[in-house]
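The values are calculated or read from the model by the stated rules, or taken from the named source; none is laboratory data. Quick caveat, the model's predicted, so the values are computed rather than measured. Cβ: placed from backbone, ideal geometry, glycine included. Neighbour counts: every protein chain shown. For accessibility, only protein heavy atoms count, side chains too; no ligands or nucleic acids. Shrake-Rupley method; radii C 1.70, N 1.55, O 1.52, S 1.80 Å.
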Amino acid sequence: MPPLPWPSIAPPFSLPKISGKSPLAQAIRYALGRMPKAPGYLDHGFLEADNNTAERAVKPVAIGRKNWLFAGSERGGKAMANAYTLIETAKLNNVDPQAWLTWVLTQIADHKINRIDELLPWRYAAQAA
């Protein structure tokens, strides 16, 4: 689909008639300053106008960073890093981390060490499906 022709956007009123320091004038100037970039978002619906997805993805890392301050020791920090790695790996594989870890903990005692790869999240997802 070809992009839509975007007209020059001019307000139906004269901005100088509004006090330049008023919140309304500031909002209008803000919106008009962003209009040149708006057609890209309107022409291509897959583009996101915000970065909420990226912010949600890094939120666990930021929370983890705060938690690592209270790990107690270097060894505790490494244990927390391992736990976060397992949890995030499960999430990346669309597996519920709590269900997967519960399943792993019930299986691991009788599991052969040379077949440990059978307990990975993607294997759990394949079994659960």
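Some notes on this structure:
- One chain, two ends: residue 102 and residue 46. Fully extended at 0.36 nm per residue, the span grows by 16.4 nm beyond their Cα-Cα distance.
- Cleavage-rule hits (chymotrypsin sites (Phe, Trp or Tyr not before Pro)) in the stretch 14-53: DSSP loop, at most 15 neighbouring Cβ within 10 angstrom: 46
- Across the accessible surface of the chain, with the other protein chains kept in place and a 1.4 Å probe, carbon and sulfur atoms take up 62 percent.
- 1.4 Å probe accessible area per residue over the chain, in Å²: 82
- With Cα atoms as the point set, the radius of gyration and Dmax of the chain evaluate to 25.9, 80 Å.
- About its Cα centre, the dipole of the chain is roughly 580 debye, where the only charges are +1 on Lys and Arg Cβ and -1 on Asp and Glu Cβ.
- Global geometry of the stretch 13-87, whether rounded, prolate or oblate, following the gyration tensor of its Cα atoms and the 1.5 cut on a/c: oblate
- The chymotrypsin sites (Phe, Trp or Tyr not before Pro) of the stretch 57-102 that meet both conditions, a loop assignment by DSSP and at most 14 other Cβ atoms within 10 Å of the site Cβ, are 70.
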